[in-house]
Structure formats: structure tokens, C-alpha cells
Amino acid sequence: MALKITVDPDAAEPPFEQIRARIAGLARSGELPVGYKLPTVRGFAEELGLAANTVAKAYRALEADGAIETRGRHGSFIAAPGDTAAREAAAAAAVFAARAHRLGLDHDAARAAAEDALRAVYG
């Protein structure tokens, strides 16, 4: 599946925002499935007739929104839907759980440590 996006140079929205909005919409609708690899910044910029920085700005905005994830040299991919904060919290919780397990804490002790940390931050 090729990514088909056009940019209207006469639109009120800047080109990077048109790209961001279109990719985000395609991801939300499922037309771009989770794990879909986006074109490279340079390649996509050439295809659209835009500067690479314009596409890079759109990709950075999409990543900040949690719509895509960049995996270094492997490229950028459509991320799983959901709240970015919730995904990051779940990842942090998984790291905590693995560490607590390696330290030999049982379930109750690990839960108590997590609750103590939450109380210290949230009050």
C-alpha cells in the first residue's frame, strides 16, 4: 500500500500541518494499519515536492501526538491507537514490575512500593 497524500500550496494550513493531519486521520480510520512503515523523510519530501524539513516537522508532530513511532534507522511506523501518556505509564510500570521481580519482591511488596511512590508524588 502506497501512502497517497497531496499538499495544497494555496491552503490556509501550512504544508507540514496538511501532512500531519492527513496521516493522523488515516491512522485513526485504520486506513493506515498499526505498524505501517511510513516513507522516509527525504523520499516523501521528494515525492511531494517539498523540503525535507517540512516532512520532518510533520513526522515530529505526529510522534509527539503518539500517532507514529520512530525506530531509529528502521524508520517511522504507525503507532497503536490510544493515549500516549497511558502507553508511557504502562511501559514505566512494566519496567518497575520487572525490576521488583528481579529484586525478589513478592506481589504485595511490589504493590506497596508502587503505592508508596504514588503517594509521595500525588500526596
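All of the numbers you see were taken from the coordinates with simple rules; none came from a lab. Nothing here was measured: the structure is a model prediction, and the numbers come from that model. Note that each Cβ is placed from the backbone with ideal geometry, even for glycine, and that neighbours are counted across all protein chains shown.
Across the options A90, A80, G30, the greatest Cα extent toward the positive end of the charge dipole of segment 1-112 (unit charges at beta carbon of Lys, Arg, Asp, Glu) belongs to A90. Extent of the chain along its three principal axes (Cα atoms, max minus min coordinate, largest first): 60, 30, 25 Å. Rounded to the nearest 500, the helix-only mean residue ellipticity at 222 nm of the chain stands at -18500 deg cm²/dmol, with each DSSP H run of n ≥ 4 adding -39,500 (n - 2.57). Within the listed set V95, V41, V55, the Gaussian network model of the chain (springs between alpha-carbon atoms below 10 Å) gives the highest mean-square fluctuation for V95.
The distance linking segment 54-101 with segment 29-49 is 17 Å (Cα centroid to Cα centroid, whole angstrom).
Compare the peptides 73-79, 7-13 by average per-residue count of other Cβ atoms within 10 angstrom and give them in order, highest first. Walk me through the intermediate numbers first.
On the way: 73-79: 15.6, 7-13: 9.9.
Final packing ranking: 73-79, 7-13.
Report, as a whole number in µm² per second, the diffusion coefficient that Stokes-Einstein gives for segment 15-78 at 25 °C and 0.890 mPa s using the Kirkwood radius over alpha carbon pairs. Numbers along the way, then the final one.
Numbers: Rh = 11.5 Å.
Answer, rounded: 213 µm²/s.
Using +1 on the beta carbon of Lys and Arg, -1 on that of Asp and Glu, and nothing else charged, what's the dipole of the chain about the Cα centre, debye to 20?
Details: 15 positive and 16 negative charges, 82 e Å.
So the magnitude is around 400 debye.
So if we plug the beta-carbon distance of N53 and A94 into 1/(1 + (r/R0)^6) with R0 = 41 Å, what FRET efficiency do we get, rounded to 0.05? That pair, N53 with A94, gives E of 0.70. For L32, the residues whose amide H sits under 5 Å from its own are A27, ignoring neighbours fewer than 5 places away on the same chain, with H placed 1.01 Å from N.
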